[in-house]
Amino acid sequence: MGKLVLVTGGARSGKSTFAEAEVRKLNQKTAYIATGIAFDEAMKSRIEKHVAQRPSIWTTYEKPTQVHEIVKEVSQQHNVVLLDCITVLITNTLFQDQIDFDGIDEKTVDLTEERIHNDIKMMVEMFRKTDMTVYLVTNEVGSGIVPENRLARIFRDFAGRTNQYIASIADEVYCVISGIPVKIKG
């Protein structure tokens with residue numbers, strides 16, 4: 001069985017930079033799974049900056065949803081995986097069905113969360129069955145005030161519960177604050 005490491009922190013906390021540095025230290029065949037979609041100029045610029053800071057020898061897989069579909073392929077060719085990021089993966093999955101989040105009932109919210117949880121659980125379980133070291137980057141979104149709009153609250157809840165699930169089964173968990181990683185598990 002491989003190793004699962006969760007790296008969390010707030011926006012621009014340095015979590016991706018930390019995860020990339022840790023993966024570089026391993027000096028292994030690395031797969032970078034990018035979940036971001038360049039839907040506007042700001043996101044396109046963010047993606048370009050991330051690409052520029054990664055080693056060119058890493059293999060990039062762009063997979064905005066359903067990451068479990070590529071785990072087998074990735075595991076046959078790599079020893080290390082860096083997935084950035086879980087919260088973007090949740091966002092992409094939330095919006096793929098074009099749901100009206102202001103008008104949906106709680107049952108639909110629950111079913112949507114269950115689908116997202118099952119996708120991520122399947123991905124994590126598949127990673128755990130490999131010999132790879134897997135770094136998962138996520139955002140800690142529950143440290144602020146309760147969001148005013150319903151979609152933001154739904155997202156915060158989904159992300160918070162997803163992070164709790166991954167942290168509960170991860171071998172190591174780091175929280176990055178102002179560029180300083182703090183090991184909180186393992």
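The values are calculated or read from the model by the stated rules, or taken from the named source; none is laboratory data. All values reported here derive from a predicted model rather than from experimental measurement. Cβ atoms come from the backbone with ideal geometry, glycine included; neighbour counts cover every protein chain shown.
Looking only at residues in the range 161-186 that are surrounded by 14 or more Cβ atoms within 10 Å (Cβ to Cβ) and among the small types (Gly, Ala, Ser), which one is farthest from ALA11 (Cα to Cα)?
Restricting to residues being surrounded by 14 or more Cβ atoms within 10 Å (Cβ to Cβ) and among the small types (Gly, Ala, Ser), the top hit is ALA170.
Quick check on the range 82-97: of everything there that is part of a helix (DSSP H, G or I) and of a type outside the set (Val, Ile, Thr), which residue is farthest from VAL124 (Cα to Cα)?
Our first condition is that a residue be part of a helix (DSSP H, G or I); within the range 82-97, this holds for 86-95.
Next, only the ones that are of a type outside the set (Val, Ile, Thr) stay: 89, 92, 94-95.
Numbers: LEU89: 13, ASN92: 17, LEU94: 19, PHE95: 21 Å.
The extreme case among them is PHE95.
Based on this model, can you work out whether ILE57 counts as modelled with pLDDT of 80 or more, of a type outside the set (Ser, Thr, Tyr), more than 16 Å from the chain's Cα centre (by Cα) and outside any strand (DSSP E or B)?
Judged against the criteria, ILE57 is a match.
Residue by residue, here is whether (1) assigned to a strand (DSSP E or B); (2) farther than 24 Å from GLU106 by Cβ holds:
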{"residue": "ASN139", "(1), (2)": "no, yes"}
{"residue": "GLU148", "(1), (2)": "no, no"}
{"residue": "ARG153", "(1), (2)": "no, no"}
{"residue": "ASP157", "(1), (2)": "no, no"}
{"residue": "ARG161", "(1), (2)": "no, no"}
{"residue": "ILE166", "(1), (2)": "no, yes"}
{"residue": "TYR174", "(1), (2)": "yes, yes"}
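Could you check how many residues of the range 51-76 are closer than 20 Å to MET1 by Cβ, surrounded by fewer than 21 Cβ atoms within 10 Å (Cβ to Cβ) and touching a strand residue (DSSP E or B) at 6+ places or on another chain (Cβ under 7 Å)?
So in the range 51-76, the residues closer than 20 Å to MET1 by Cβ come out as 67-68, 70-76.
Right, trim to surrounded by fewer than 21 Cβ atoms within 10 Å (Cβ to Cβ) and you get 68, 70, 72-73, 75-76.
Filter once more, so that each one left must be touching a strand residue (DSSP E or B) at 6+ places or on another chain (Cβ under 7 Å): 70.
The total comes to 1.
Being in a strand (DSSP E or B) and either within 28 Å of GLU125 (Cβ to Cβ) or touching a Cys at 6+ places or on another chain (Cβ under 7 Å) (or both) is the filter here; which residues of the range 176-186 pass it? Walk me through it before giving the result.
Taking the range 176-186 and keeping what is in a strand (DSSP E or B), we get 176-177, 180-185.
Scanning the range 176-186 gives VAL176, PRO181, VAL182, LYS183, ILE184, LYS185.
Quick check on this structure: which one of THR108, THR133 is at negative phi and either touching a Cys at 6+ places or on another chain (Cβ under 6 Å) or surrounded by 18 or more Cβ atoms within 10 Å (Cβ to Cβ) (or both)? Before the answer, list the steps.
Numbers: THR108 fails: either touching a Cys at 6+ places or on another chain (Cβ under 6 Å) or surrounded by 18 or more Cβ atoms within 10 Å (Cβ to Cβ) (or both).
Unique residue meeting the criteria: THR133.
For the range 8-41, what are the residues that are of a type in the set (Phe, Trp, Tyr), surrounded by 18 or more Cβ atoms within 10 Å (Cβ to Cβ) and not in a helix (DSSP H, G or I)?
TYR32
Does THR93 satisfy the condition of being touching a Phe, Trp or Tyr at 6+ places or on another chain (Cβ under 7 Å), of a type in the set (S, T, N, Q) and either buried (at least 18 other Cβ atoms within 10 Å of the Cβ) or under 23 Å from ARG156 (Cα atoms) (or both)? If you could, list the steps in order and put the result at the bottom.
Numbers: touching a Phe, Trp or Tyr at 6+ places or on another chain (Cβ under 7 Å): no; of a type in the set (S, T, N, Q): yes; either buried (at least 18 other Cβ atoms within 10 Å of the Cβ) or under 23 Å from ARG156 (Cα atoms) (or both): yes.
Considered against the rule, which asks whether it is touching a Phe, Trp or Tyr at 6+ places or on another chain (Cβ under 7 Å), of a type in the set (S, T, N, Q) and either buried (at least 18 other Cβ atoms within 10 Å of the Cβ) or under 23 Å from ARG156 (Cα atoms) (or both), THR93 comes out as no.
Scan the range 118-145 for residues that are of a type in the set (Val, Ile, Thr), under 16 Å from the mean Cα position of the chain (by Cα) and within 14 Å of ASP171 (Cβ to Cβ) and report the count. Give the derivation first.
Step one: of the range 118-145, the residues of a type in the set (Val, Ile, Thr) are 120, 124, 130, 133-134, 137-138, 141, 145.
Next, from what is left, pick out any that are under 16 Å from the mean Cα position of the chain (by Cα): 120, 124, 133-134, 137-138, 141.
In the following step, the residues that additionally are within 14 Å of ASP171 (Cβ to Cβ) were identified as 124, 133-134.
Of the residues in the range 118-145, 3 are of a type in the set (Val, Ile, Thr), under 16 Å from the mean Cα position of the chain (by Cα) and within 14 Å of ASP171 (Cβ to Cβ).
Output the residues belonging to the range 74-87 that are more than 14 Å from the chain's Cα centre (by Cα) and either over 20 Å from ASN27 (Cα atoms) or touching a residue at least 12 places away in the same chain (Cβ under 8 Å) (or both).
Step one: list which residues in the range 74-87 are more than 14 Å from the chain's Cα centre (by Cα), which gives 74-80.
Result: VAL74, SER75, GLN77, HIS78, ASN79, VAL80.
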